[in-house]
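Encoded as structure tokens, the structure appears first; notes follow it.
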Amino acid sequence: MGDPRRRVPRTDVLLTHPRLAEAERVLGRALVKSVIAQAQQRARAGEIEPEQVAEHAVAALPPTAASLRPVVNATGVVVHTNLGRAPLSRAALDAVVTAGRATDVEFDLATGRRARRGRGALVALARAVPAAGGVHVVNNNAAALLLTALTLAPGKEIVLSRGELVEIGDGFRIPELLESAGSRLREVGTTNRTSLRDYADALGPETGFVLKIHPSNFQVTGFTSAVEVAELAKLEVPLVVDIGSGLLAPHPVLPDEPDAATVLRDGADLVTASGDKLLGGPQAGLLFGDAGLIERLRRHPAARALRVDKLTLAALEATVAGPPPPVAQALTGDVAGLRARARRLAERLPEARAVDCVAAVGGGGAPGVELPSAGVSLPEAYAAALRTGTPPVVGRLEGGRCVLDLRTVAPEEDELLVTAVLACSS
Ligand SMILES: *Cc1c(COP(=O)(O)O)cnc(C)c1O
């Protein structure tokens, strides 16, 4: 037989294998060649027979050219940061696919001239928040704050409460972000209490604007006080409010969460928010407010570096103008419906029982809010098996059990859950 390494098939020969040739069209030559190289290496190392190289390469092909995989979020955390925050609605996904081709994002088909970029998304946002004189969209809420500081407070002071010096996550802090724009922070009040007097005393010729930041990922309780937007609006400087979550109007389930319409009506000059938290859309930074201020932001040179892609504009428009996205459905879904689904699933799954549980809003805001929920409870060992299955299902560990919380699972995904759990139990 000779040295088996001599019998390892050559790459050009393997690339003519029907399944690998087909994969080359879908995944690209480089990716298929790297999979082939790994299989050849295993044959040379004696782990597999040379005759098995093609078969092993086929088995190791990734399903798509991108490595991101669709995951079922059964964590009960509605806006899960590590799972990409808000999942898009069907309408938004369709809009993304359409916009991914050549599209009239910045072109007027009637006249053949250049048109305002992303006007459909801007019109949808303006309709949703009639109190806003102007609307602008940037890469994320951090970019919205950066552009605001660059435009309204270069070399000047931003006045904000010591109770609102927020770290967003992954080590990023809003105060440091604002300083990176060349603004100075003028902190007022204390961690637990800040009064209108504290703000008023800090104002002067150096003031760029007053900033109020919603504490969206923590709570301070006990002897506390903060100044309402309507009070701050009486100060004679621009008032910028970072509401974080992206609610455009008051939400019945989250009465303590600020929304753009109310904050503008209370007198804020500018509101900033995220697109991929409670709004339920793509990553984006939304700016609503005084038409003149919005125009200044839009014309700042840095605006170009912070602008959004056509895919984002498409998804945002479909989220705002289209049917309620998954986040909205997860927030309002009634618990009786979730219990009924849990019972039906548990009947079909060995070792499972239907349970009541508690879901959370998550990175999107509303810290401390508990959403009554229901799900199926499985032995703990299922957690890892489900996470590494196809599709991956991410549940929550609770009291030594793996709980699949149905508040964050779309009803259309129930069959996927059944398949995934049965694959683990066999
Ligand atoms: C989440 C959040 C941010 C950061 O928003 P991104 O869209 O992630 O940049 C800023 N401010 C507040 C209050 C937030 O909740």
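The values are calculated or read from the model by the stated rules, or taken from the named source; none is laboratory data. For clarity, every value in this text was computed on a predicted model and none was experimentally measured. Cβ sites come from the backbone with ideal geometry, for glycine too, and all protein chains shown count toward neighbours.
Within the range 318-335, track down each residue that is more than 18 Å from Thr408 (Cα to Cα), surrounded by fewer than 24 Cβ atoms within 10 Å (Cβ to Cβ) and in contact with a Gly (Cβ under 9 Å, 6 or more places away or on another chain).
The one that is more than 18 Å from Thr408 (Cα to Cα), surrounded by fewer than 24 Cβ atoms within 10 Å (Cβ to Cβ) and in contact with a Gly (Cβ under 9 Å, 6 or more places away or on another chain): Ala321.
May I ask you to say which residue of Ala74, Ala102 is exposed (fewer than 13 other Cβ atoms within 10 Å of the Cβ) and aliphatic (A, V, I, L, M)? Steps first, answer last, please.
Numbers: Ala74 fails: exposed (fewer than 13 other Cβ atoms within 10 Å of the Cβ).
On inspection, the qualifying residue turns out to be Ala102.
Here's a check for you: in the range 147-156, which residue that is in contact (Cβ under 8 Å) with a residue 60 or more places away in the chain and surrounded by 23 or more Cβ atoms within 10 Å (Cβ to Cβ) is farthest from the ligand (Cβ to nearest atom)?
Restricting attention to the range 147-156, the residues satisfying the condition of being in contact (Cβ under 8 Å) with a residue 60 or more places away in the chain are 147-148, 150-152.
After this cut, where a residue has to be surrounded by 23 or more Cβ atoms within 10 Å (Cβ to Cβ) as well, the list is 147-148, 152.
Values: Leu147: 12, Thr148: 12, Leu152: 17 Å.
Filtering first and then ranking leaves Leu152.
Could you give every pair whose Cβ atoms fall below 7 Å, whose first residue belongs to the range 264-283 and is on the phi > 0 side of the Ramachandran plot and at pLDDT 95 or above, and whose second residue is part of a loop (DSSP other than H, G, I, E, B) and within 14 Å of the ligand (Cβ to nearest atom), counting only separations of at least 6 or pairs across chains?
Gly280/Ala86
Hey, Ala128 hits all of (1) more than 12 Å from the ligand (Cβ to nearest atom); (2) under 22 Å from the mean Cα position of the chain (by Cα); (3) more than 21 Å from Asp269 (Cβ to Cβ) but one; which does it fall short on?
(3)
All but one of (1) within 12 Å of the ligand (Cβ to nearest atom); (2) of a type in the set (Val, Ile, Thr); (3) more than 15 Å from Ile294 (Cβ to Cβ) hold for Thr190; state the number of the condition that does not hold.
Only one criterion is unmet by Thr190, namely (1).
Just checking, does the range 90-109 include any residue being out of contact with any Pro (no Cβ under 9 Å at 6 or more places or on another chain), over 29 Å from Leu331 (Cβ atoms), assigned to a strand (DSSP E or B) and not polar (S, T, N, Q)?
Yes, the range 90-109 contains at least one residue that is out of contact with any Pro (no Cβ under 9 Å at 6 or more places or on another chain), over 29 Å from Leu331 (Cβ atoms), assigned to a strand (DSSP E or B) and not polar (S, T, N, Q).
Yes or no: Phe209 touching a helix residue (DSSP H, G or I) at 6+ places or on another chain (Cβ under 8 Å), within 17 Å of Thr148 (Cα to Cα) and either within 15 Å of the ligand (Cβ to nearest atom) or at pLDDT below 95 (or both)? Break it down stepwise before answering.
On the way: touching a helix residue (DSSP H, G or I) at 6+ places or on another chain (Cβ under 8 Å): yes; within 17 Å of Thr148 (Cα to Cα): yes; either within 15 Å of the ligand (Cβ to nearest atom) or at pLDDT below 95 (or both): no.
Against the criterion (touching a helix residue (DSSP H, G or I) at 6+ places or on another chain (Cβ under 8 Å), within 17 Å of Thr148 (Cα to Cα) and either within 15 Å of the ligand (Cβ to nearest atom) or at pLDDT below 95 (or both)), Phe209 does not qualify.
Would you mind telling me which numbered condition in (1) on the phi < 0 side of the Ramachandran plot; (2) assigned to a loop (DSSP other than H, G, I, E, B); (3) within 16 Å of the ligand (Cβ to nearest atom) Gly246 fails?
Only one criterion is unmet by Gly246, namely (1).
Only one of these is surrounded by fewer than 17 Cβ atoms within 10 Å (Cβ to Cβ), within 16 Å of the ligand (Cβ to nearest atom), within 30 Å of the chain's Cα centre (by Cα) and at positive phi: Gly182, Gly171. Name it.
Details: Gly182 fails: within 16 Å of the ligand (Cβ to nearest atom).
None of the others qualify; the one that does is Gly171.
So which residues in the range 382-400 are within 20 Å of Leu371 (Cα to Cα) and touching a residue at least 12 places away in the same chain (Cβ under 8 Å), if there are any at all?
Of all residues in the range 382-400, those within 20 Å of Leu371 (Cα to Cα) come to 394-399.
Listed by number, the residues that qualify are Val394, Gly395, Arg396, Leu397, Glu398.
Scanning for something under 28 Å from the mean Cα position of the chain (by Cα) and among the small types (Gly, Ala, Ser), does the range 406-414 turn up at least one residue? Step through it out loud before you land on a result.
Of all residues in the range 406-414, those under 28 Å from the mean Cα position of the chain (by Cα) come to 406-414.
Subsequent filtering for residues that are among the small types (Gly, Ala, Ser) retains 410.
Yes; the residues of the range 406-414 include at least one that is under 28 Å from the mean Cα position of the chain (by Cα) and among the small types (Gly, Ala, Ser).
Which residues, counting only those in the range 210-247, are under 19 Å from the mean Cα position of the chain (by Cα) and loosely packed, with under 13 Cβ neighbours inside 10 Å?
Within the range 210-247, just Phe218 meets the criteria.
What's the number of the condition Thr81 fails, among (1) of a type outside the set (A, V, I, L, M); (2) more than 29 Å from the chain's Cα centre (by Cα); (3) within 27 Å of Ser373 (Cβ to Cβ)?
(2)
I'd like to check something: does the range 157-166 contain any residue that is over 19 Å from Leu264 (Cα atoms), under 19 Å from the mean Cα position of the chain (by Cα) and either away from the ligand (no atom under 13 Å from the Cβ) or at pLDDT below 95 (or both)?
yes
Is it the case, given these coordinates, that Cys424 is modelled with pLDDT of 95 or more and closer than 15 Å to Leu345 by Cβ?
Values: modelled with pLDDT of 95 or more: no; closer than 15 Å to Leu345 by Cβ: yes.
For Cys424, the condition - modelled with pLDDT of 95 or more and closer than 15 Å to Leu345 by Cβ - is not met.
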